Each structure stands twice: as C-alpha cells, then as structure tokens.
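**Student:** Sharing a structure here in structure tokens format.
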Amino acid sequence: MTAQPEPAPDPQQARGAGADGAPQPIPASPPRFVDPLETAGPVPALDDGGIVALHVHRSFGSVHAVREMTFHAKPGRVTALIGPNGAGKTTLLLMLASLLAPDAGSIRIDGADPTRDPRAVRRAMGWMPDVLGTWRSLTPLQILTTVGRLHGLSRPAARERAEELIVDARLEELAKRPSRVLSRGQQQRLGLVRALVHRPRVLLLDEPAAGLDPTSRVELRGMLRRFAAEGGTVLISSHDLSELDEMADDAVFVDRGEVVGGERLVLAQQAAREWRIRSLDPRALSYQLANIGVAFDRVRLEGEVAYVALDRDEHAAEVLRRLVGGGVPIIHFAPAVGDIERTYLGLAGGAR
Amino acid sequence: MSRWLQMLGVVIRLELAQRVRSVAWYVLLVVVALVVGGVIVVLFLSLQDFQRDLGGAIFAMTIFLVMLVTSLVTPALSGSAINGDRDAGTLASTQVTQVTATQLVLGKVIGSWIASLGFLAVCAPFMIGSAMLGGLRVEAVLVAIPIVVLEIGVVSAVGVGLSGLIRKPVLSTVVTYLVVAFFSVGTLIGFGVGMLAFQQEETRDEITWDYDDQDGSSTCRETGSTYETTVPRPDRVWLMLAANPYVIMADAIPPRLDAHGYPDDIFGQIGLGVRMAQEPPRAESCADYDDQGAWQDPLEGIYDRTAPSWFVGLGIHVLLAGAAVWGAIGAVRAPARTLAAGSRIA
C-alpha cells in the first residue's frame, strides 16, 4: 500500500509546512549555532582511569591507520567504539591491547602504559579479538585453565576459575569436547569468558555479539552492565548499532583514523531522524499526516507503517499530539533508529 | 625463577597438547617406524650371505638413516609454530597474558623438540638392535643418541625461529628444509667447490733415494732442484665439512682403531678424513723417514693435533639455532613497533 489517493491535502497547508517537517504554526527553531571551541570536549588527563588515549597515531608504511585519536572511556561505563570499515578501530584496539606500539601519542589502560609496562596492562585488561582463535584440539575447560595458568594463576585456582566460567558461558555439556566442535556462537561465548579469566578491570571487545543467539545477546548485555556497575571499563566495537544503543552509555565515533568530535558530531546528531508510526487505522494515519501539515516528502509509507523524518524531538512530540488530537488511533510511535545509529548515519551522510 | 620455569612449562604443555594430539603426528610416527625398520631388516637379510662382518656397516647405516629421517620430519613439526599460530589467531591471545616473548618462543622450541623426539624414540630399538649386531658397541650408541637428540633440537629451534621471522607458514617450513638440506648436502658440495677454489701453486723440493748396494739400505736426500705443483687447500674450507651433521656424528663416535692404527668402521674413516682436512697440505720430505728409511706415518697423533671437528660443527649449529631463536623472540615481542609487510598480528 503506497500513498493513498486520499482527499488531497490542502495545497496551501502543505506548502506552508516548515522545511524541517514541523507542522505549522509551530515556530521553526533557527539552526543551532555550534561553537567548535565549546563542543570540542575536555581533553582527558592520562591519570583519569579507565581507558585514556591521547593523540594516538599509528601508520603502516604510507597507510595512516590511526591519525589522531583522543578519547576517554570512563570506569563504570560501557563505551561504544563506532566507525565504518577501515576507520582504524581494529588498529586502535590492538594498540590498547598492548600488541601494537603507537607511533606517537600515549595510552593508559587502568593507569598503565602499554608501551612501558605491558604486563601491568595485561593484568588489568581482558581482550576479545574479532577473529577469535582457539586451540582447536583442546577442550574449552583446558583452554580456560591454560589461559588462567598463562595469566599466572596456580593450577588449582586456574582450574576452579575455568569451571566457574564454563557455567557462565553455558558450555557445561561441551566442556570436555575438543573446541573445534563448537558453533560460532559457542566460540564467541568461550572467547568472552576467556577474556574474563583473570578478572580484568578493563574489557576490550571487538564484535562480541557476532553470531550470538538472542538469549546470549541478552546475557551479554546483562554481563557487561554488571561489569560496568562494579566499576569496570568496557570498550565495545560493533557494527550492530541498535545493539550498542541498548548497551552503551557513551559513544566514540571514529572515521578515517580520527575520532569524530565537536562540531561534526553535533551536526550529525541534528540530522533528521525517522519516526516509526503505526495505527489501528492506516488510512486515517496517512490522511491525518498530510492534514496536519507534514511535508509529503518527509513521509514514507511501507505497508501499514508510516515513517516520518523529523529534525527535532520537539517536532515529534508535536506531530504525535496533533495525530492523537486528529483522532488517529496510534499504537506505535517511536524513533526508527537509536541515538547511536542516527549519529552514525548522520556522520556517514547517508541519513535517510 | 621457578615461576618463570612454571610459565615455560605451561607453554610447553600447550604446544605438546596441540602437536602430539594431532593425527598427523601419529601417522608420521608409524611411517617412520615402518621405513627405518623395513630398511634395516632388508639390509640385514640381504647382506647376511656376505663373508665379511657387516655388523658395523649396518649399524652405521642405521644411525645415518635415523638422522636423515628425523631431520626430514622435524621441520614439518616446527616450521610453522609461530606464524601458524598467527594465522589461527591464537598467538595474540597468548601474547596478551603474562607470558614473555622468551618463554613463548622457548616453549615452542622445546615443545616441538619433544614432539620430534618421538621419532627418535620409535627408531631407538632399531639403533640398539643393529648396535648389537655390529658387535655391541655400547659407547657408540651412547654417543650417537645424544647427538641425534641435539641435532633434532637444533632443527626445531631453526624451524621455530624461522617461523617467527617469516610471514608465511609454507615458506618458513620450506626454508627450514632448505637449511637442513644445506647442512646435509650443501656443505659437502661447498667443501668440494671450496677446495678447488682455494687450490694453489706450490714450489716443492724434489727428493730422491740413494740405494746402497752394500747393505741394501736406501737413504733419502734432497736433489736441490724444485718442481711446481698445484695443491688443494681443504684446510681453508674444512669448517664446511665440520658443519655437516653426518660428519659431526662420525667424528663424535670414538674411533675404534685396528691393528695398524686405522679406524675400522665408516664413522672412524669419515672422522679421520675430516681431521686430515684440517691440516695444510704436506710436502713430502726426508723428515718423513727415519734413519732406517722406514716411513713415518704423518697421520700418527692426528687426533691430538687437530680440533675435534664434531665439537666445532655442533658449535656452529647451536650458534645458528640461538640466532634463529633470538630473532623470533624479537619478532614475537609485543607491543610491536614494526611489522613485516602484509602481516596481521591478531
């Protein structure tokens, strides 16, 4: 069902609708002035705790994978690391994980410098890489015990911790089978608890939810929230933006090797966002949308669902008020994309 | 220190658990046992009709065969230890623990060393059996086995080292095989070529014999004239020969001398050869003969005069192995500053 041949909206009224989609006579607010100096955000100090990156740079030959990254992932919070492929996320995570030395700039993981004191960083940090390698002929129990031993636990302590984590990962039935029989999702769960063996205070996760079933995703979310609530720092890189919206407190956007900040971020956050509207009476909905003065190019109908692109949350509230006032039986009125996804799409310039 | 060793032990156990539990390892073990055992049984049966005592020859063949087989199998087990882990993504997950690069590399060397010693273990019964056939030279077996053990260790270290330095598992395995081939065959060719390359013109004094008709004795005297001759100089390239693992083995086994003072088995003869190669060419002179005109063997005392070439050769091998391991430790150390082109570290 596409645009119905409704009673045509009064052309006068449609033309009178604000360019930002807000129905008249709502006064359209002037574009927000963004002062780049004010929005640059405070430069973190190296001893702020959690994860601190200051002016980090790393190139491979002539390829500048990471040009200039400065951010702070705070203790007690889950921070999302978001950016398109090739933005330098993995390079950054490798530097944070003490595997790759930055060419310039400094990094602190829980106060320790990966270049100077990698062992302190490794004590404090649990890392789950995107391509998860497991020793295929070893069982999950052996893998976790070995990792515990490699972290310096005694044999009984490593064994005890491994059995505990096997239960956490719901791998009891597979604990004594070679890990090559594990499915992708089970491997992810094993990889996650492997990062937790030595009870780290900082977690670096690269696409942890890939291949997880819905139950495991919910568990992952709960686990990360608990970890943060106990004062841990979580940095999570993922392309599943709606997932991140639910999990993350803060977001670091990276693009072409740089952390996107200040003016560009504010502008991106102001990009139009689509709202999903459903009604018991779709015909009344599409009629009223036109009737209350929403510009037709801002409305998209997909089946019985209407998507309306609005620039400001205030406009959404006004649209909802008028639809309800117009007698449309609304049963669903929500942003079609979350805050993180909206910002990301705004940055990419691909906001629909 | 004990904590350090404990951590090393964890790495070794991890290596063994991966290698020893692979099906390929067991298959190779059986193949090696069949090949070595088969060759020895066939040799023994077909040479039985010979009149001469061939026990010594069979023993020598066995030792060399075991060396050949183990040196062919070991690179396969060690040549992709580090870059294979890189490809599988398991190296990085050990690097982010408390294990140091030294423990990681040494653990891999020792792990693949132990796994390769399995091949020596299945060959050991044949070695002991043929030693008994060869006249029970217990001391030869007691020397031969540690040398094979050491040589396997050297190949393991070179393989692990190269796997840290070279990006592709296939390439590092092939290069390890090339190193083995260089020492087994290349050193012999190099020695031969080097001898020709270094040969030199020498002017020598001519000697002649005066025969005394009265008492039938002859005395040596220099004629005063000289002659030109070209002499090879093996003493300038003998290190090549010394670095050959088979020469090391031959020289390390104490020679059993026969009634004339010459070694009576193939090991001793090879050993004598490499000792002779250390000496500059001798010009025959009257000093070689005593007052009665009897020839004095210039080889007498050669074992005391010359360097124990097995020791020199093993030294070269151990140095090379050490250099390879040292290089690999540098390559595994994290955080990495430089990366080989096209390499991924996680």
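The values are calculated or read from the model by the stated rules, or taken from the named source; none is laboratory data. None of these values were measured; they are calculated from a predicted model. When we count neighbours, we look across all protein chains shown, and the Cβ atoms used for this are built from the backbone with ideal geometry, even at glycine.
**Student:** If you take the residues of segment A:216-239 that are surrounded by fewer than 17 Cβ atoms within 10 Å (Cβ to Cβ) and charged (D, E, K, R), which of them is nearest to the chain's Cα centre (by Cα)?
**Tutor:** Among residues in segment A:216-239 that are surrounded by fewer than 17 Cβ atoms within 10 Å (Cβ to Cβ) and charged (D, E, K, R), the one nearest to the chain's Cα centre (by Cα) is A:ARG221.
**Student:** Something else now. Name every residue in segment B:74-128 that is within 13 Å of chain A (Cβ to nearest Cβ) and not in a helix (DSSP H, G or I), in order of residue number.
**Tutor:** Of everything in segment B:74-128, those that are within 13 Å of chain A (Cβ to nearest Cβ) and not in a helix (DSSP H, G or I) turn out to be B:GLY89, B:THR90, B:VAL96, B:THR97, B:GLN98, B:VAL99, B:THR100.
**Student:** Just the residues that are surrounded by fewer than 23 Cβ atoms within 10 Å (Cβ to Cβ) and in a helix (DSSP H, G or I), please, taken from segment A:128-146.
**Tutor:** Listed by number, the residues that qualify are A:LEU141, A:GLN142.
**Student:** Can you work out which of the residues in segment A:90-127 that are touching a helix residue (DSSP H, G or I) at 6+ places or on another chain (Cβ under 7 Å) and part of a strand (DSSP E or B) is surrounded by the most Cβ atoms within 10 Å (Cβ to Cβ)?
**Tutor:** Out of the qualifying residues, it is A:ILE109.
**Student:** Related question: Go through (1) surrounded by fewer than 20 Cβ atoms within 10 Å (Cβ to Cβ); (2) more than 9 Å from every other protein chain (Cβ to nearest Cβ) one by one and return the number of the condition A:ALA162 breaks.
**Tutor:** (1)
**Student:** Looking at A:ARG199, A:ARG273, can you tell me which residue is of a type outside the set (S, T, N, Q) and either on the phi < 0 side of the Ramachandran plot or in contact (Cβ under 8 Å) with a residue 60 or more places away in the chain (or both)?
**Tutor:** A:ARG273
**Student:** Taking segment A:102-149 as the region of interest, how many residues are without any contact (Cβ under 8 Å) to a residue 24 or more places away in the chain, over 25 Å from A:GLY185 (Cβ atoms) and within 7 Å of chain B (Cβ to nearest Cβ)?
**Tutor:** Of the residues in segment A:102-149, 5 are without any contact (Cβ under 8 Å) to a residue 24 or more places away in the chain, over 25 Å from A:GLY185 (Cβ atoms) and within 7 Å of chain B (Cβ to nearest Cβ).
**Student:** Tally the residues that are free of Cβ contacts under 8 Å to residues at least 24 places away in the same chain and either of a type outside the set (A, V, I, L, M) or more than 10 Å from every other protein chain (Cβ to nearest Cβ) (or both), restricting the search to segment A:87-101.
**Tutor:** Number satisfying all stated conditions: 0.
**Student:** List the number of the failed condition for B:ILE40; all other conditions in (1) surrounded by 17 or more Cβ atoms within 10 Å (Cβ to Cβ); (2) modelled with pLDDT of 90 or more hold.
**Tutor:** Among (1) surrounded by 17 or more Cβ atoms within 10 Å (Cβ to Cβ); (2) modelled with pLDDT of 90 or more, B:ILE40 violates only (2).
**Student:** Taking segment A:44-56, which residues are buried (at least 18 other Cβ atoms within 10 Å of the Cβ) and on the phi < 0 side of the Ramachandran plot?
**Tutor:** If the condition is that a residue be buried (at least 18 other Cβ atoms within 10 Å of the Cβ) and on the phi < 0 side of the Ramachandran plot, then A:PRO44, A:ILE51, A:VAL52, A:ALA53, A:LEU54, A:VAL56 are the ones that fit.
**Student:** Considering segment B:115-150 alone, what residues qualify as being closer than 18 Å to B:ARG13 by Cα and either modelled with pLDDT of 95 or more or of a type in the set (S, T, N, Q) (or both)?
**Tutor:** B:SER116 - this is the single residue of segment B:115-150 that is closer than 18 Å to B:ARG13 by Cα and either modelled with pLDDT of 95 or more or of a type in the set (S, T, N, Q) (or both).
**Student:** Something else about it: A:THR215 - would you say it is touching a residue at least 60 places away in the same chain (Cβ under 8 Å), of a type in the set (Ser, Thr, Tyr) and in the same structural domain as A:THR139 (by TED's automatic domain parsing)?
**Tutor:** For A:THR215, the condition - touching a residue at least 60 places away in the same chain (Cβ under 8 Å), of a type in the set (Ser, Thr, Tyr) and in the same structural domain as A:THR139 (by TED's automatic domain parsing) - is not met.
**Student:** Checking the condition surrounded by fewer than 21 Cβ atoms within 10 Å (Cβ to Cβ), touching a Cys at 6+ places or on another chain (Cβ under 8 Å) and not in a helix (DSSP H, G or I), which residue from B:THR223, B:THR219, B:THR208, B:THR203 passes? Let's see the steps before the verdict.
**Tutor:** Working: B:THR223 fails: touching a Cys at 6+ places or on another chain (Cβ under 8 Å); B:THR219 fails: touching a Cys at 6+ places or on another chain (Cβ under 8 Å); B:THR203 fails: touching a Cys at 6+ places or on another chain (Cβ under 8 Å).
None of the other options fit; the residue is B:THR208.
**Student:** Let me ask another. Could you tell me whether A:GLY185 is within 14 Å of chain B (Cβ to nearest Cβ) and crowded, with 16+ Cβ neighbours inside 10 Å?
**Tutor:** Taking the combined requirement at face value, the residue does not satisfy it.
**Student:** Collect the residues in segment B:1-31 that are among the basic types (Lys, Arg) and over 19 Å from A:SER179 (Cα atoms), keeping them in residue-number order.
**Tutor:** B:ARG3 - this is the single residue of segment B:1-31 that is among the basic types (Lys, Arg) and over 19 Å from A:SER179 (Cα atoms).
**Student:** Here is a follow-up. Please work out which residue is modelled with the lowest pLDDT, limiting yourself to segment B:14-28 and to residues that are of a type outside the set (Val, Ile, Thr) and surrounded by fewer than 16 Cβ atoms within 10 Å (Cβ to Cβ). First the steps, then the outcome.
**Tutor:** So in segment B:14-28, the residues of a type outside the set (Val, Ile, Thr) come out as B:14-19, B:21-22, B:24-26, B:28.
Adding the requirement that they be surrounded by fewer than 16 Cβ atoms within 10 Å (Cβ to Cβ) leaves B:21-22, B:24, B:26.
Numbers: B:ARG21: 68, B:SER22: 73, B:ALA24: 78, B:TYR26: 87.
This residue is B:ARG21.
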